[in-house]
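The values are calculated or read from the model by the stated rules, or taken from the named source; none is laboratory data. Owing to the predicted nature of the structure, the values given are computational and were not obtained by experimental measurement. When we count neighbours, we look across all protein chains shown, and the Cβ atoms used for this are built from the backbone with ideal geometry, even at glycine.
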Amino acid sequence: MSSKLPVQKIVSDPILGLIDISKVLPMIDTRQFQSLAYKYQLGLAFLLFPSATHTRKQHCLGAYQRTKDLVRRWVESGMITKEQANTVTAYALYHDIGHGPFSHTVEPLFELLPGTKKTALRADDAMGIDIAKSLKKEIESAGADFEALIKIFA
């Protein structure tokens, strides 16, 4: 008789250690999320400081892990439900998904583009909502409440 071990997907973070991404793998396994690996969290700072190479992907994985630790304590104390915890952690993972390259440095350019309108949301948050809407299936398969996640973005 053979017992199967659960399959876990784990990534290593230099600060937080091992991060289990098994539950949100459908959200991570998208080209939209993977593109964050090529966007610097610190804008153009890497041009002056060679070690300033932290990417949006690394940042989002770290935010996911820290949020997972925080909401676990909230669930244990009865502040939120497990379902709410799933949604908050999913949002933490995707909170920067709408960011373009070079951090906030180029955001004013998006307001000048023809056909763009100024909204109450920052450009990256509005883009994040659009991207999240296109990934509804992946978000829901990770156990998150899609409508609640969109409300958090807004």
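Figure legend. Inter-residue proximity from segment 59-77: first residues surrounded by 18 or more Cβ atoms within 10 Å (Cβ to Cβ), second residues polar (S, T, N, Q) and assigned to a helix (DSSP H, G or I), beta-carbon distance below 8 Å, spacing 6+ or different chains. Indicated pairs: Tyr64/Thr89; Thr67/Thr89; Lys68/Thr89; Val71/Gln84; Val71/Thr89.
For the condition closer than 22 Å to Phe146 by Cα and touching a strand residue (DSSP E or B) at 6+ places or on another chain (Cβ under 6 Å), what is the one hit in Asp69, Asp20?
Numbers: Asp69 fails: touching a strand residue (DSSP E or B) at 6+ places or on another chain (Cβ under 6 Å).
After applying the criteria, what remains is Asp20.
State which residue is modelled with the highest pLDDT when the search covers only segment 72-105 and only residues that are over 20 Å from Glu147 (Cβ atoms) and of a type in the set (S, T, N, Q). Once the filter is applied, the top-ranked residue is Ser77.
Any chance you could count how many residues in segment 14-35 are of a type in the set (Gly, Ala, Ser) and assigned to a strand (DSSP E or B)?
The first filter runs over segment 14-35 and keeps only residues of a type in the set (Gly, Ala, Ser), leaving 17, 22, 35.
From what's left, assigned to a strand (DSSP E or B): 17.
Of the residues in that region, 1 qualify.
Flag set for Thr53, criterion: exposed (fewer than 15 other Cβ atoms within 10 Å of the Cβ), at pLDDT 70 or above and over 26 Å from Glu147 (Cβ atoms).
Pick from segment 139-148 the residues that are assigned to a helix (DSSP H, G or I) and over 13 Å from the mean Cα position of the chain (by Cα): which of them is farthest from His95 (Cα to Cα)?
Ser141
Restricting the search to segment 8-42, which residues are under 26 Å from Lys136 (Cα atoms), touching a helix residue (DSSP H, G or I) at 6+ places or on another chain (Cβ under 7 Å) and either loosely packed, with under 13 Cβ neighbours inside 10 Å or among the hydrophobic types (A, V, I, L, M, F, W, C) (or both)? The answer is Gln8, Val11, Ile19, Ile21, Val24, Met27, Phe33, Leu36, Ala37.
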